[in-house]
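Readers should treat all values here as calculations from the given coordinates under stated rules, not as data from a laboratory. Predicted, not measured: the structure shown is a model, and the values here were computed from it. FYI the Cβ positions are ideal-geometry reconstructions off the backbone, even for glycines, and counts take in every protein chain you see.
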């Protein structure tokens, strides 16, 4: 069984998305309260009446007599008070202007059905069959219809409602006629519904487990009070039994499915806010305005925790089942070319943060589903490589030219290794240099292991290259002496926990808390706030010890902190993770904006990528290392991809020069003038200034650019690995150039 088939089975067995809400499950008629909610909220009582009528058959009677099991089941009963569904149903009947049932000019089906018993159950069955133009005869021993229910309300009002609903139907009423035997009835009619009421005659019938309302006698069905139902349950039986009878008349089978009872829906009441009930000013009924106010208290209960919490599901407005379907037809397309691209961007937009699994009552893991889907698409060569090209090149840089994997001089075996990850130094080289200085002051044999954890190649779903890179990391770790790894990045620790579980690790904040660190005086330009909201990165979800250590460390540093709506196990993505910035840039910006707006306080982060994401939204935020070392302060502009590479090399140079007394040669760059605004524009498309340099060098060497005689600008292109880059530049002198524009496209040029 493939992972897609296994996941479909998981959804079918465990997903509660389509489970009915508590009120609907408790209602004998399975009344769709969520469907009525919008109509009530907008005072569309005519439309609400039609929905109500279709569900209960006799709205004027049910609104008066129902004992409201829906209100007892309402989840608000556990919080404040139930939504007053009974008063809302009363308002529907009271304020609807059009109560005349629909009239359909259809020919008779010529099939005869007998209903024995004129109580609510028999009337419900007769009404539905008459609506469908079956020839129905009702036998009632009394001289009136309605049975025991008629005595519970005004008889004239009761009779009026019955006549209203039957006004366009032909119903043969045999009043005062008691049926003593089914034999004669079965000779005249093709099907029979026995609804003789409480303690009524059963004619020796025995129930059958072959179908709902079926008996062991072919063509004979039974339900209602004769089976112990109350009035509303009896009416619901009659309405539903009409379906079983129709199935029998059409197919000869008595196997109408049994209606599912109850619900498997689960709701977390702690997340529901209190909303005081609306009390009717008139005492007995709602005004139209009061009805609209009361239904606003409805939670529209459904198992949609994943859709509310997961940005991908919520912003794309896709249900779990819809996601599975779109991914399935992408991996197994029905096109003649077998080239399915329906959900490739959707698959890449998930960064496997794990929030869907954390909030799901059944712990269904869509992150793993997307990862396996991504791998399947990669293996068939159908995943667009532009989604990953930049980050795979960036990983090569981090694990190549910018890598430092060293033990201190004279140390043969390190007990610890500081693993800052590739993005910490990219944000600020001092995050690495100052931290490593402090670690050495506490544990002098600590190695530095500055490289990439392999996340980009995992996100690209290339299992072969990922496996090879993991083996490379294992080898480097053993060469350092198999130390305990001090992780500065939660995602790096997550990668190691999942793929390199034999390598022991600890978080930097835990080490700082244990070994003791004092807050340094801030630099003159660094301004900090008194209070911060702690932002838990999504990669910290499975590391509660990390989340708590950061909070304790903040307390010890004298930082006042507050909570965010989503934290701890429910931590949400800042928009930086995975490769979603390229695959879905608009989505990424929306997520980053929403995270930034969740509190007016500045954020305290311990994932540098979160810090960068908030900088892009001009949200005041600090990394906890900013506070410890007194650098940067709250405000920080988003770094360009070129600046991030330069800072990684800056950190490498400092480490080699100060710890190993080695001189690192400066990178040789051409004399290229680039305005800062243009560099930021290039960065948004993940284009490095060095990419533009390569294009210009190629064009000058091969004399292959196109010169615009009016501007003097040269336009040329060069394919670098998988992407073709274009540069518009001006030659100022033999060795000096000015870049006017640059861009890239995700296609191969013929002959390149």
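Applying a 10 Å radius around every beta-carbon, put 360-372, 666-678, 126-138 in order of their mean neighbour count, most first.
Going by the mean number of other Cβ atoms within 10 Å, highest first, we get 126-138, 360-372, 666-678.
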Can you tell me the relative contact order of segment 671-745? Whole percent, Cα pairs under 8 Å, sequence separation 6 or more.
33 percent
Mind listing the Cα extents of segment 58-169 along all three principal axes, in Å, largest one first?
54, 31, 25
The residues 229, 98, sorted from fewest to most surrounding Cβ atoms within 10 Å, come out as 98, 229
Between residue 258 and residue 132, what length in nm is gained on full extension when 0.36 nm per residue of separation is reduced by their alpha carbon distance?
43.2 nm
Distance from segment 574-645 to segment 209-248 (C-alpha centre basis), Å:
63 Å
Grab every C-alpha pair in the chain, bin the distances at 10 angstrom width from 0 up to the longest one, and report whole percents.
2, 11, 17, 17, 14, 11, 10, 9, 6, 3, 0, 0
Over what distance in Å are the Cα centres of segment 169-193 and segment 15-71 separated?
32 Å
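Could you compute the FRET efficiency for residue 270 and residue 676, with r as their C-beta to C-beta distance and R0 at 56 Å, rounded to 0.05?
Taking R0 as 56 Å, the efficiency between residue 270 and residue 676 is 0.70.
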Treating every alpha carbon of segment 486-563 as one equal point scatterer without solvent, the Debye formula yields log10 I(q)/I(0) values at q = 0.24 Å⁻¹ of -1.19
Which of rounded, prolate or oblate describes segment 673-746 when judged by the alpha-carbon gyration tensor and an a/c cut-off of 1.5?
oblate
On each of the three principal axes the extent of the alpha-carbon atoms of segment 260-342, given in whole Å and largest first, is 68, 31, 28
Please compute the contact order of segment 393-537 in relative form: average sequence separation of alpha-carbon pairs under 8 Å and at least six residues apart, divided by the residue count, as a percent.
27 percent
Pseudo-spin-label distance residue 523 to residue 600, built 7 Å along Cα→Cβ, given in nm, is 3.1 nm
What does the highest-first list of 319-330, 619-630, 173-184, 235-246 look like by mean Cβ count within 10 Å?
235-246, 619-630, 319-330, 173-184
Once every Cα of segment 290-395 carries one equal point scatterer and solvent is ignored, give the base-10 log of I(q)/I(0) from the Debye formula at q = 0.12, 0.16, 0.25 Å⁻¹, two decimals.
-0.51, -0.78, -1.35
Could you estimate the translational diffusion coefficient of segment 393-460 from the Stokes-Einstein equation, with Rh from the Kirkwood formula over C-alpha pairs, at 10 °C and 1.306 mPa s, in whole µm²/s?
126 µm²/s
One finds the C-alpha centres of segment 122-158 and segment 501-559 to be spaced, in Å, by 73 Å
If you wrap a convex hull around the Cα atoms of segment 531-629, how much volume per residue is inside, in Å³?
89 Å³
Residues of segment 379-396 with amide N under 19 Å of the 7 Å Cα→Cβ point at residue 475
395-396
Rank the residues 494, 39, 9 as a footprinting-exposure proxy: fewest other Cβ atoms within 10 Å of their Cβ go first.
9, 39, 494
State the volume of the convex hull built on the alpha-carbon positions of segment 78-128, expressed per residue in Å³ and rounded to an integer.
161 Å³
Anisotropy class of segment 244-306 from Cα gyration tensor, a/c 1.5 cut:
oblate
Round to the nearest 10 and give me the degree value, 0 to 90, for the angle of helix 490-499's Cα axis relative to the longest principal axis of the chain.
80 degrees
In whole Å, largest first, the alpha carbons of segment 354-417 cover along the principal axes 52, 34, 16
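Rounded, prolate or oblate: which fits segment 611-662, taking a ≥ b ≥ c as square roots of the Cα gyration tensor eigenvalues, rounded meaning a/c under 1.5, else prolate when a/b beats b/c?
On the way: a/c = 4.30, a/b = 1.70, b/c = 2.53.
Oblate.
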The chain: antiparallel bridges as % of DSSP beta bridges, rounded to 5, reads 40 percent
What list do you get for 441, 482, 639 if you sort them by fewest beta carbons within 10 Å?
441, 482, 639
Sequence-separation-based contact order of the chain, relative, with Cα cut under 8 Å and 6+ spacing, percent
9 percent
For segment 1-128, restrict the atom set to alpha-carbon positions and state the Rg and Dmax in Å.
19.0, 57
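What are the equivalent ellipsoid semi-axes of segment 112-251, built from the alpha-carbon gyration tensor (square roots of five times its eigenvalues), in whole angstrom, biggest first?
In descending order the semi-axes read 22, 16, 14 Å.
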